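> Have a look at the structure that comes next, please.
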Amino acid sequence: MAEPADDAPAVRRVARVVLLDPLDRILLMHGFEPGDPSDDWWFTPGGGLEGDETHEQAALRELAEETGVTEVELGPLLWRRRCSFPFDGRRWNQDEWYFLARTAQTATAPGGLTELERRSVAGLRWWTSAELSAARETVYPTKLAGLLRTLLDEGPPSTPVVLAPEFVQGVPPGPPGGTHG
């Protein structure tokens, strides 16, 4: 296998959580470009794997850090996607795994945010499927409203669904740093 070119960004392994409450609302984070708060979007909690942790371990750790939600029943792997996007001065290439999780704990307390997350996360919100379908805001993955509706109507897929890759255009502004999407 060939080594990546020095200027080619490595693919970051990411675990994300589709967290549903007893009313089937999904918890999303509201993020923005640190240098331009008007460039904003909504996305599922989650982040990069650390050390030798599994995707499942990373999903639970990231969920606790970013939302304060710890009373969780982690379910199956729902979806996988590759994505590439500019953020905080660099391009991020990610291999994302989306896990279903359920909780009765709807109070959030994002106490474990990194310095970059504190500069780029505006808050959290529980969304109904109807609210997400009607949303005019940018949401990642871009097909999340339909994916959620299918999940609620049909249940988890028997095998993980591979979503179409997403490539967000743009020249990353500012100095190197963090992650979203």
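The values are calculated or read from the model by the stated rules, or taken from the named source; none is laboratory data. Keep in mind that what you see is a predicted model, and the values were worked out from it rather than measured. Positions of Cβ are backbone-derived with ideal geometry, glycine not excepted, and every protein chain shown enters the neighbour counts. To get the accessible areas, we keep the full protein, side chains included, count just its heavy atoms, and leave off ligands, DNA and RNA. Shrake-Rupley method; radii C 1.70, N 1.55, O 1.52, S 1.80 Å.
> Can you tell me which condition residue 177 does not meet? The list is (1) of a type outside the set (Lys, Arg); (2) open to solvent by 30 Å² or more (accessible area, probe 1.4 Å); (3) modelled with pLDDT under 90; (4) under 17 Å from residue 33 (Cβ atoms), and all the others hold.
Result: residue 177 passes all but (2).
> Counting just the residues of the range 27-53 that are without any contact (Cβ under 8 Å) to a residue 24 or more places away in the chain and out of contact with any Phe, Trp or Tyr (no Cβ under 9 Å at 6 or more places or on another chain), which one comes out surrounded by the most Cβ atoms within 10 Å (Cβ to Cβ)?
Quick first cut of the range 27-53, residues without any contact (Cβ under 8 Å) to a residue 24 or more places away in the chain only: 38-39, 50-53.
Applying the additional criterion that residues be out of contact with any Phe, Trp or Tyr (no Cβ under 9 Å at 6 or more places or on another chain) yields 50-53.
On the way: 50: 11, 51: 6, 52: 6, 53: 15.
The residue in question is 53.
> Now, a different point. Working only within the range 106-124, note down all residues that are touching a helix residue (DSSP H, G or I) at 6+ places or on another chain (Cβ under 9 Å) and at pLDDT 90 or above.
Narrowing the range 106-124 to residues touching a helix residue (DSSP H, G or I) at 6+ places or on another chain (Cβ under 9 Å): 108-114, 117, 121, 124.
Result: 108, 124.
> Report, by residue number, each residue of the range 140-155 that is at pLDDT 95 or above and buried (at least 17 other Cβ atoms within 10 Å of the Cβ).
144, 145, 147, 148, 151
> Which members of the range 104-141 meet the condition of being among the aliphatic types (A, V, I, L, M) and out of contact with any Pro (no Cβ under 6 Å at 6 or more places or on another chain)? Before the answer, list the steps.
Here is the first cut: in the range 104-141, the ones among the aliphatic types (A, V, I, L, M) are 104, 107, 109, 113, 116, 121-122, 124, 130, 132, 134-135, 139.
Scanning the range 104-141 gives 107, 109, 113, 116, 121, 122, 124, 130, 132, 134, 135, 139.
> Which one of these is touching a residue at least 60 places away in the same chain (Cβ under 8 Å), open to solvent by 60 Å² or more (accessible area, probe 1.4 Å) and among the aliphatic types (A, V, I, L, M): 109, 101, 134, 122?
Numbers: 109 fails: touching a residue at least 60 places away in the same chain (Cβ under 8 Å); 101 fails: open to solvent by 60 Å² or more (accessible area, probe 1.4 Å); 134 fails: touching a residue at least 60 places away in the same chain (Cβ under 8 Å).
Only one candidate passes the filter, namely 122.
> Checking the structure you have, find out if any residue of the range 41-61 is among the charged types (D, E, K, R), modelled with pLDDT of 95 or more and assigned to a helix (DSSP H, G or I).
Yes; the residues of the range 41-61 include at least one that is among the charged types (D, E, K, R), modelled with pLDDT of 95 or more and assigned to a helix (DSSP H, G or I).
> Would it be correct to say that residue 159 is over 26 Å from residue 35 (Cα atoms) and open to solvent by less than 60 Å² (accessible area, probe 1.4 Å)?
Working: over 26 Å from residue 35 (Cα atoms): yes; open to solvent by less than 60 Å² (accessible area, probe 1.4 Å): no.
No: the conditions fail for residue 159.
> Looking at the range 14-26, which of its residues are among the charged types (D, E, K, R) and either under 15 Å from residue 89 (Cα atoms) or surrounded by 15 or more Cβ atoms within 10 Å (Cβ to Cβ) (or both)?
Residues of the range 14-26 that are among the charged types (D, E, K, R), as a first pass: 16, 21, 24-25.
Once the filter is applied, which keeps residues that are among the charged types (D, E, K, R) and either under 15 Å from residue 89 (Cα atoms) or surrounded by 15 or more Cβ atoms within 10 Å (Cβ to Cβ) (or both), the range 14-26 yields 16, 21, 25.
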